[in-house]
1. Restricting the search to region 12-40, which residues are assigned to a loop (DSSP other than H, G, I, E, B) and either surrounded by 17 or more Cβ atoms within 10 Å (Cβ to Cβ) or in contact with a helix residue (DSSP H, G or I) (Cβ under 6 Å, 6 or more places away or on another chain) (or both)?
2. Would region 56-76 turn up any residue that is under 19 Å from the mean Cα position of the chain (by Cα) and more than 23 Å from residue 110 (Cβ to Cβ)?
3. Just one of 95, 139, 117 is modelled with pLDDT of 95 or more and under 30 Å from residue 28 (Cβ atoms); which is it?
4. Give the residues of region 1-33 that are more than 15 Å from the chain's Cα centre (by Cα) and within 20 Å of residue 165 (Cβ to Cβ), sorted by residue number.
5. Would you mention how many residues in region 69-82 are surrounded by 10 or more Cβ atoms within 10 Å (Cβ to Cβ) and in a helix (DSSP H, G or I)?
């Protein structure tokens, strides 16, 4: 039994994606080619990577409904993802990709059952652990995006933007301090 439903997972993913989209909107298109260091993804490439990352889990669980990853052609899948990241896109195209892929993934996850989330999927031979629940695998999409969102927030700082989550926190703190002073 799981108390974390597909709807809960979809809602959490939507929150993370909404924040990623806000960052993507706030970074000027002229900065989409910015790289924090040589041999790293540009801002635009990282956003395409984030937008496309749910594709692996969607393919495995929604399209193929695999019970094992043994035999899954990871090299070909990764080559397609890398090619997607390298394709030239405008900021608007990247924002659309983030929105559409996010909506597709969240819409599908929202409808999965608790029994489906509890199913175990075998890992390729030699991997540890030998299997994972679908829940853990689907949750990894959100965790992966949060990792890259942290990188994007640092890049925002590097290019002179205070991240929206920081600004919102600062506003809440200022309001609480003002309320405390008013009550004193």
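1. The answer is 27, 32, 34, 36.
2. no
3. 95
4. 25, 26, 27, 28, 31
5. 7
The values are calculated or read from the model by the stated rules, or taken from the named source; none is laboratory data. These numbers were taken from a predicted model, which means no experiment stands behind them. Virtual Cβ from ideal backbone geometry, glycine too; neighbours counted across all protein chains shown.
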